[in-house]
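Participant: Here it is, the structure in full.
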Amino acid sequence: MRQRPRGDSRGILDPGRMLREVRFRRHLPAEPLRRWVEHYWLIDWALHTPFEQRVVPHPAVNVVFRRDGDGSGSGAASGEVAGVGRDLFRITLTGTGRVCGVQFRPGGFHPFWQRPVSELTGRRVPLPTGRLASPGIGMCAGTDEERCEALDALLSAWEPTPDPVAEEATRLAEAIRTDRTVLRVGDFAARHDVPVRRLQRLFLEYVGVGPKWVIRRYRLQEAVEQAAGGPLSWADLAADLGYSDQAHLVRDFTAVAGVSPAAYARSVR
């Protein structure tokens, strides 16, 4: 298990501006939860003018608590489950407020949800009741340590049960994220000795989207990072990321990020 949360800005459009406008940080959950949870993410803001942040979503479910105001009171934050987002996520922040989020690992939310995660894809729904009958109390109040401890307690109370099939989905999704040579579903399935049809069913049930979408999304997030890093050859990048040509990369990038790769590169520099 990792000892520190990942430090990249993958998926965050113009991360430099975000870090100038808000306080953003990540923390790891308690050790027993790390098989399911990627990290906790906390954002605090005190803005004089509205700020819009855009994110190219990961193939991951998030549980999110938000509280407007300084977070010093004892009331509840609003809480929701955000399924995998297929489109660009936009949010405009104003005034002061706090957000506490849980980003699950791909496949990691299924043991908590106990239903096909594809039911949540593209949706944001209120937290379920029952074991989470009083969600959000204290989630956005206190220090980072106190907020993380509250999230630990909340998720532990959900009583997830280890699921070897969910863990298989998580391992396969992680292999796609970390190996940039993964470009085709058929090749990936053969490499891991998994029939393509089973791989597709596995990802829809446990991750919420198909393996082709996951491959394309991780490669597109890589294109976003490289576009912000300096001058490059779009044709070479398209070939590296498995696109048929530069025009295909530009269409995908523009459809998801809202601007062309060249326009995005200019805006962040």
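Participant: Is it the case that residue 107 is touching a helix residue (DSSP H, G or I) at 6+ places or on another chain (Cβ under 8 Å), open to solvent by less than 30 Å² (accessible area, probe 1.4 Å) and in contact (Cβ under 8 Å) with a residue 60 or more places away in the chain?
Facilitator: yes
Participant: Among 25, 54, which is assigned to a strand (DSSP E or B), in contact with a strand residue (DSSP E or B) (Cβ under 9 Å, 6 or more places away or on another chain), open to solvent by 40 Å² or more (accessible area, probe 1.4 Å) and more than 15 Å from residue 154 (Cβ to Cβ)?
Facilitator: After applying the criteria, what remains is 54.
Participant: Just to be sure before I move on: is residue 247 modelled with pLDDT of 90 or more and assigned to a helix (DSSP H, G or I) in the structure I sent?
Facilitator: The answer is yes for residue 247.
Participant: Go through (1) on the phi < 0 side of the Ramachandran plot; (2) touching a strand residue (DSSP E or B) at 6+ places or on another chain (Cβ under 6 Å) one by one and return the number of the condition residue 11 breaks.
Facilitator: (1)
Participant: Does residue 197 satisfy being surrounded by fewer than 21 Cβ atoms within 10 Å (Cβ to Cβ) and not aliphatic (A, V, I, L, M)?
Facilitator: Taking the combined requirement at face value, the residue satisfies it.
Participant: Something else now. Determine whether residue 227 is touching a residue at least 24 places away in the same chain (Cβ under 8 Å) and part of a helix (DSSP H, G or I).
Facilitator: yes
Participant: Also: Please work out which one of (1) in contact with a Gly (Cβ under 8 Å, 6 or more places away or on another chain); (2) modelled with pLDDT of 95 or more; (3) not in a helix (DSSP H, G or I) is the condition residue 194 fails and give its number.
Facilitator: (1)
Participant: Looking at the stretch 63-71, is at least one residue modelled with pLDDT of 95 or more and of a type in the set (Lys, Arg)?
Facilitator: Checked the stretch 63-71: no residue is modelled with pLDDT of 95 or more and of a type in the set (Lys, Arg).
Participant: Of the residues 205, 222, only one is open to solvent by 40 Å² or more (accessible area, probe 1.4 Å), part of a helix (DSSP H, G or I) and in contact (Cβ under 8 Å) with a residue 60 or more places away in the chain; which?
Facilitator: When all the criteria are applied, what remains is 205.
Participant: Which residue pairs have Cβ atoms closer than 9 Å, lie 6 or more positions apart in sequence or on different chains, and pair a first residue in the stretch 113-126 that is closer than 18 Å to residue 66 by Cβ with a second residue that is of a type in the set (Ser, Thr, Tyr) and open to solvent by 80 Å² or more (accessible area, probe 1.4 Å)?
Facilitator: none
Participant: Further question on the same structure: May I ask you to list the residues in the stretch 107-125 that are within 14 Å of residue 167 (Cα to Cα) and small (Gly, Ala, Ser)?
Facilitator: Listed by number, the residues that qualify are 107, 108.
The values are calculated or read from the model by the stated rules, or taken from the named source; none is laboratory data. Just so it is clear, the model here is predicted, and its values are computed rather than measured. We place every Cβ from the backbone using ideal geometry, glycine too, and count neighbours over all the protein chains shown. For the accessible areas, the whole protein counts, side chains as well, though only heavy atoms, and no ligand, DNA or RNA atoms are used. Shrake-Rupley method; radii C 1.70, N 1.55, O 1.52, S 1.80 Å.
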